[in-house]
Amino acid sequence: MTTELIAMLGGGVSGFVMKMIAAQSQNQAELFERMIQSQITADDSADRAASRDGGVYVRRFLVGITFFAIVLAPFVLSFTDVGVSIARESKGFLGLFGGVKWNTVQGFVILPEVRQTALAIVGFYFGSSQVK
């Protein structure tokens, strides 16, 4: 191989590598700009959502109702003669003659969903208090 041919191949390869590095750098810069624009859009949306009126009051109302159902309702309803009907499913003989039987109990039944909601609320408020 002649030196001219080696120089031409070396120049071509180095030009290709430099062009590829420049294109990759430009792609990264464009990606970074798109990420910044996306973050600006997300921040703007979050700011508009936070500034809406009523959201805080709705959340507080739901928290109040949940804690009423856990703390006050069992206490208040324990002094009344209001019964709560609870369904109990029975299997019957070999699973053939099963059915639903209803029992009436005095007081107030706290459903597992209400307890899970209360745990989520407490976790949310304690978690958000750690951030401030």
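Every read-out reported here was derived from the displayed coordinates using simple, explicitly stated rules and does not represent laboratory data. This one's a predicted model, so the numbers in the text were calculated from it and none came from an experiment. Note: ideal-geometry Cβ built from the backbone for every residue, glycine included; neighbour counts use all protein chains shown.
If you take the beta carbon distance between residue 115 and residue 50 as r and set R0 to 30 Å, what does 1/(1 + (r/R0)^6) give as a FRET efficiency, to the nearest 0.05? Can you show the working numbers first?
Numbers: r = 29 Å, r/R0 = 0.98.
Rounded to the nearest 0.05, the efficiency is 0.55.
Compute, for the chain, the length of the dipole vector about the Cα centre, with Cβ point charges of +1 (Lys, Arg) and -1 (Asp, Glu) only. Units Debye, rounded to 20.
Its charge dipole is roughly 620 debye.
Would segment 31-132 count as rounded, prolate or oblate if I go by the C-alpha gyration tensor, calling it rounded below 1.5 in a/c and otherwise prolate when a/b exceeds b/c, oblate otherwise? Cα axes put segment 31-132 in the prolate bin. Adding -39500 (n - 2.57) for every DSSP H run of four residues or longer, then dividing by how many residues the chain holds, sets the calculated 222 nm ellipticity at -22500 deg cm²/dmol. Rounded to the nearest 0.05, the FRET efficiency derived from the C-beta distance between residue 67 and residue 28 at R0 = 35 Å is 0.10.
Anisotropy class assigned to segment 1-51 is prolate, per the alpha carbon gyration tensor with a/c at or over the 1.5 cut-off and a/b larger than b/c.
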